[in-house]
Amino acid sequence: MKILADNVNCKYGSPMGRANYTLRSGGKILYSFDLGYTEYMAALRDMPHKFLLQDARVSGGYDRGGAYWGSGQRVYLAESENGNIFRSFRADNRAHAYRLLREEFPHAQVYGFAADITKRDGRYTVTKEWTGEKSPQWIVRFCDEWVTSCPGRADALRAANVHDAERLK
């Protein structure tokens, strides 16, 4: 999985956190405050976006890429699928982070939840069972209710994460 906490330039010490609303073009970071920026951001917020949402895993006050956050609430990083929007913020948990992201980008969808949802939410089960197909399928259940079946475990875990994200809307 892509790590959003990319390495930072620490030549003169670690930066304090990470920039929000970073707009990228051709791999370069743009900070555009030109005329029309407000209108551009308003339009950007109204568009549907898919975000990769990750816990920055701050340890000793630093994220994996070397940016300094200090202590306190967990830090979450979100990047749009096309890489043009990057958002960092503090939240109590992943569901809280998702709600904060949706406050700013109402049409946002997220992916990149924990690989095995059954370890963070015991209401989900992913088990291999015979379903009448040629081979056993991976069955996703939430509170013992059938959600879907998939041919592979990774697909089933993704389906469970999508179900969880939809449930939190």
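The distance from the alpha carbon centre of the stretch 91-169 to that of the stretch 41-59 is 19 Å, rounded to a whole number.
Taking the number of other C-beta atoms within 10 Å as the exposure measure, put Glu104, Glu145, Glu129 in order starting with the fewest.
Glu145, Glu129, Glu104
For a paramagnetic label modelled on Arg90 (point 7 Å from Cα along Cα→Cβ), amide N atoms under 15 Å away belong, within the stretch 40-56, to 56.
Modelled this way, with points 7 Å down the Cα-to-C-beta line, the labels at Met41 and Thr118 are 4.4 nm from one another. Using the Stokes-Einstein relation with a Kirkwood hydrodynamic radius computed over Cα pairs, the translational diffusion coefficient of the stretch 55-138 at 25 °C and a viscosity of 0.890 mPa s comes to 160 µm²/s.
None of the figures in this text is laboratory data; all of them are computed from the coordinates on show. These figures come from a predicted structure and were not determined experimentally. Every residue, glycine among them, receives a Cβ derived from its backbone with ideal geometry; neighbour counts consider all protein chains shown.
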